[in-house]
Amino acid sequence: MDYVTLGKTGLQVSVLGLGSGGHSRLGTRRQQSDDNAVRVVRAAVDAGVNLIDSSEAYGTEHLIGRVVREVGRDKLILSTKLAYAVEGRCKTPTEIERSVDQSLHHLHTDVIDIYHVHAATVEDYPQIVAKVVPVLHRLREKGKLKFIGITERFTRDPAHHMLARAVQDDYWDVLMVGFNLLNPSARNLILKTARQKQIGVLGMFAVRQALINPENLRRVLHALVDEGYLDSAEIDVNQPLKSVLLGDDIPLAEAAYRFCRYEPGIHSVLSGTGSTAHLAENIRAIHQPPLPPDVLARLESVFGGLNHLSGELP
Ligand SMILES: NC(=O)c1ccc[n+]([C@@H]2O[C@H](COP(=O)([O-])OP(=O)(O)OC[C@H]3O[C@@H](n4cnc5c(N)ncnc54)[C@H](OP(=O)(O)O)[C@@H]3O)[C@@H](O)[C@H]2O)c1
């Protein structure tokens, strides 16, 4: 496993992090068992993945906690999140501390390495700064948190309005950014500044649904043609791999992870899965070299100007 320094946090994180949210939630969203989820986390750790991401909203923290108990806390960098809003308002200081304490309990630890404000919107951002950030600072002083991050709601905010504000501020040690080959708009909007300020960046949505198989990619291309974003004379939507990756020798999910891994400014790419086979494929993919220059140029010409896709299916 390759490791990188997560910006100014100084943490040495694996270039692939295991995500326990998304559509899979370690398989639990598809009725796979808790034991299977624990096996996936354990397989990731055994392969050298040290960054594990969760949220109080996912219902997976306690499964990660089981692995923390098995392998020991010092092997892991634990990232989790605050569901900051209740009934249209930000949580109170007491509610925030209760959330943190619950996460500590579920994760079987006494300190969280990276604690994010989860899926923040641009509308809520001023309130988050005024009401949530000071509480997180106090909890950091108490020793319950090490670093503070914020994540975007990429499906609803694919043009990064919230993070474009957050990256200008000095509250955040880490940002979690939606980035994939269908929507690389974070490159200019977020990553440039994040690099200058040495903010740690975790990439999410590397494959999501659109990039897990050619049929799903075909649906995305069809929609782009129908909506007038792509010219059907320039792209054969029925041959998605040939049209987009210039052939079918690189599997789509592999191409998607390689695309994200080498993006300057992204430190670790999160991969969400409930399958040890997919996990192994993704670890292999992340260690492949960058995509060939002609493929990158083709991706830029097809998707480089788009900022409205997230990777969900149309
Ligand atoms: N706002 C936020 O804070 C936020 C939002 C979204 C995600 N996240 C974090 O980011 C992590 C990554 O996002 P994501 O879960 O959407 O991740 P992703 O890695 O882009 O997509 C995961 C999906 O792809 C499938 N998959 C993974 N590897 C595959 C492979 N090799 N071949 C075919 N299918 C594959 C998974 O299903 P299988 O189970 O079948 O493998 C899963 O449904 C999340 O788990 C979560 O921790 C945070």
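The values are calculated or read from the model by the stated rules, or taken from the named source; none is laboratory data. Treat the numbers as computed from the prediction; the structure is a model and nothing was measured. Don't worry about glycine lacking a Cβ; one is built from the backbone with ideal geometry, like all the others, and counts go over all protein chains shown. Accessible surface areas use protein heavy atoms only, side chains included; no ligands, DNA or RNA. Shrake-Rupley method; radii C 1.70, N 1.55, O 1.52, S 1.80 Å.
Comparing Glu123, Glu254, Glu300 in a Gaussian network model of the chain (Cα springs below 10 Å), the most mobile by mean-square fluctuation is Glu123.
So what's the back-of-envelope 222 nm ellipticity for the chain, counting only DSSP H runs of four-plus at -39500 (n - 2.57) apiece and dividing by all residues, rounded to 500?
On the way: 11 runs with 110 residues, N = 314.
Computed ellipticity for the chain at 222 nm equals -10500 deg cm²/dmol.
Which whole-angstrom value gives the distance between the alpha carbon centres of region 162-184 and region 1-66? Cα centres, region 162-184 to region 1-66: 21 Å.
Pairs over the 26 Å Cα-Cα cut-off, from the set Lys75/Lys192; Lys131/Lys197; Lys8/Lys81; Lys81/Lys131; Lys8/Lys144: Lys75/Lys192. Within region 171-187, what residues put their amide N at less than 18 Å from the label point 7 Å along the Cα-to-Cβ vector of Thr5? 173-175, by backbone N distance to the label point. For the chain, with all protein chains in place and a probe radius of 1.4 Å, 48% of the accessible heavy-atom surface sits on carbon or sulfur.
What the chain shows is 42 Å² of accessible area per residue, with the surface traced by a 1.4 Å probe over protein heavy atoms. Distance from the alpha carbon centroid of region 204-253 to that of region 72-87 works out to 34 angstrom.
For Leu145, the residues whose modelled amide H falls within less than 5 Å of its own, excluding neighbours fewer than 5 places apart on the same chain, are Ile112, Arg140. Based on the Kirkwood radius over alpha-carbon pairs, what value in µm²/s does the Stokes-Einstein equation return for the translational diffusion coefficient of the chain at 20 °C and 1.002 mPa s? Answer, rounded: 109 µm²/s. What the Cα convex hull of region 185-314 gives, in volume per residue, is 109 Å³.
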